[in-house]
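Visitor: My questions will all concern the structure given below.
What follows is calculated from the coordinates using simple rules that are stated; it is not laboratory data. The structure presented is a predicted model; accordingly, all values stated were derived computationally and were not measured. Positions of Cβ are backbone-derived with ideal geometry, glycine not excepted, and every protein chain shown enters the neighbour counts.
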Amino acid sequence: MWEWWHKNRPLLLGGVLLLAALLWYSVNLRQQDETNFLEGVVLRATGPIQSGLDQMINGAADLWGRYLYLIETAEDNRQLIEENRTLRAVLTASDEVRLENQRLRLLLDFKEAQEIATLPALVIAEDASSWFRTVTIDKGSEHGVTEGLPVVVAEGVVGRVVRSSPRYSRVLLITDASSAVASLLQNNRARGVCRGQGEQLVFDFVLRQEEAKIGDRVVTSGMGGVFPKGLVIGKIKSVVRQKFGLFQEIEVAPSVDFSHLEEVLVLLRSPQ
Amino acid sequence: MNRTLIYLAMAGVAVVLQTVLLPVLLQGYHKPDLLLILVVYLGLHEESRRGGLLVYLLGWAYDGVAGGFPGLNGFVLFAVFLAVRGIVSRVNTESSPLLLMLVVAGTALQFVMLAFALDFFSQTTGVWSQMAWQMPVQLLLNFIAALVLLRLSVWLQRTFMPRKTLPGLRKLDSRYES
């Protein structure tokens, strides 16, 4: 017995330690929504370096793009002038709609929804691993950023804050596999949950009988308590209705280009 | 102590490269896992107790910049370290192709352990299929990064410390000499 123990001791000890590490991970899942001491230290230590390096890279890219690599500039300029003309026409038309909206609001005695305070932040780093989808922003608890706050850009939802240190925070993108957002279809208000799939999203739990078409817009429902209602998540990319089963299989293309995230807005007050 | 500080500094550089520089250079979500390569190296050349503790600590610190599950990377990297330690007495640790092979095997083990820990313990769904799609690219990137690091370390050693040797790089064959 003693000989067997002596012979297999490293293996058994390794197994026990690995099991303990797994157990510790499992126990820590309960405090998953809080920033622990070591994570705070890492964020504080790496943040300034990441920020500095990010500025250097952006500076170099600006120098290259604005002063050295000007081959496509003339073509870009021509396209922008054309686009500008089209947008002016659209703007004139939308002015009419805005004025009409104003008149109707007055008629209905509409009260403006209370605006949520926002804080602009710069994305300074991405997730260190290829398996997860998070970004680091240059605002933290000193600026009022805490865990759970929603993060958006003009195009739609980006994610929510999962870790915060005094000056830096980490944001879990909606495309991460562990992210789920209570959502609804803008057209017919069919409810479901948008889950991250790395680069796409899946819209789960939409009943079979609900009408869902490619191109339909998916927005937040405000039910999860994190995101305000009506923020754009993306557009339906594919719909599969099996012969059996309660739900449809819907793929959603996010409206935000996560590979080019630079500036984001943190919504400082949660909808609740 | 000196060596531990060097390892910590190397891990710090790896993290900064992976979070800022490599995403810009590679233009996408995929990037080589330099910390995993360091863990494989530690498994080959460090003593079990000190190396194990260091790897677990590095894993915990890694959680500060990768994913949102405290203790996950500690568990996964510790598993990779133990697996490497398990075979270290049976192989020639001075062989560079072995390091490359172990990096590939370590990446596969990392994928299995991550998917297992996420699927069974957290509320993450569809993680196996999602990670399986990324797996070939990750294997290739880690292999290339290990190859580049091998060449770079040989060049650095010859240029800056010609009289010293790096553990694991004493008997390099000509393919990895620069």
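Visitor: Return the distance in nm (one decimal) between the two label points of a simple spin-label model at A:ASP76 and A:ASN188, each offset 7 Å from Cα along Cα→Cβ.
Guide: Between A:ASP76 and A:ASN188, the simple spin-label model gives 4.4 nm.
Visitor: Another one. Taking neighbour counts of Cβ atoms within 10 Å as a proxy for exposure, in what order, fewest first, do B:VAL91, A:VAL264 appear? List each step's numbers first, then the result.
Guide: On the way: B:VAL91 13, A:VAL264 22.
Ordered by Cβ neighbours within 10 Å, fewest first: B:VAL91, A:VAL264.
Visitor: Determine, for A:ILE81, A:ILE57, the number of other Cβ atoms within 10 Å of each Cβ, and report the residues in order from fewest to most.
Guide: Numbers: A:ILE81 9, A:ILE57 15.
The most exposed by this proxy come first: A:ILE81, A:ILE57.
Visitor: What do you get for trypsin sites (Lys or Arg not before Pro) in region A:155-204 restricted to DSSP loop and a cutoff of at most 10 other Cβ within 10 Å of the site's Cβ? Let's see the in-between values first.
Guide: Values: sites: A:ARG160, A:ARG163, A:ARG167, A:ARG170, A:ARG189, A:ARG191, A:ARG195; in loops: A:ARG167, A:ARG189.
Here the sparse-neighbourhood loop sites are A:ARG189.
Visitor: Let me ask something additional. With all distinct Cα pairs included, what does the Kirkwood hydrodynamic radius of region B:2-176 come out to in Å, to one decimal, could you say? Could the numbers behind the result be given before it?
Guide: Details: mean 1/r = 0.0596 Å⁻¹.
The answer is 16.8 Å.
Visitor: Whole-Hz ³J(HN,Hα) for each residue in region A:56-64, computed from phi via Karplus 6.51 cos²θ - 1.76 cosθ + 1.60 with θ = phi - 60°, x for glycine and proline: what do you get?
Guide: Whole-Hz 3J(HN,Hα) from phi for region A:56-64: 5, 5, 4, x, 5, 5, 4, 4, 5.
Visitor: Further question: Ignoring everything except DSSP H segments at least 4 long, calculate the 222 nm mean residue ellipticity for chain A; use -39,500 (n - 2.57) per segment, divide by total residues, nearest 500. Write down the numbers at each step before the final one.
Guide: Values: 3 runs with 90 residues, N = 272.
Roughly -12000 deg cm²/dmol at 222 nm, from the helical runs in chain A.
Visitor: Between A:THR118 and A:GLU199, what's the calculated FRET efficiency when r is the beta-carbon distance and R0 is 35 Å? Round to 0.05. Working shown, then result.
Guide: Details: r = 27 Å, r/R0 = 0.76.
Given R0 = 35 Å and the Cβ-Cβ separation, E is 0.85.
Visitor: How would you rank A:ASP54, B:ASP33, A:ASP216, A:ASP33, going from fewest to most other Cβ atoms within 10 Å of each one's own Cβ? Walk me through the numbers on the way to the answer.
Guide: Details: A:ASP54 21, B:ASP33 25, A:ASP216 18, A:ASP33 12.
Result, fewest neighbours first: A:ASP33, A:ASP216, A:ASP54, B:ASP33.
Visitor: Could you work out [θ]222 nm for chain B from helices alone, using -39500 (n - 2.57) per DSSP H run of at least four and dividing by all its residues? Round to the nearest 500 deg cm²/dmol.
Guide: The helix-only estimate for chain B comes to -23500 deg cm²/dmol at 222 nm.
Visitor: When the Debye formula is applied to the Cα atoms of chain A, each taken as the same point scatterer, what base-10 log of I(q)/I(0) results at q = 0.07, 0.09, 0.14 Å⁻¹?
Guide: -0.38, -0.61, -1.17
Visitor: Something else about it: At 0.36 nm per residue, and after removing the present C-alpha to C-alpha distance, how many nm does the segment from A:LEU87 to A:GLU155 gain when stretched out fully? Walk me through the numbers before you get to the answer.
Guide: On the way: separation 68, 0.36 × 68 = 24.48 nm, distance 1.74 nm.
Answer, rounded to one decimal: 22.7 nm.
Visitor: Still on this structure, please answer the following. Give the average, rounded to an integer, of partner chain Cβ atoms located within 10 angstrom of each Cβ in B:71-81. Walk me through the numbers on the way to the answer.
Guide: On the way: counts 13, 10, 5, 6, 9, 5, 1, 6, 5, 0, 2.
So the per-residue partner count for this stretch is 6.
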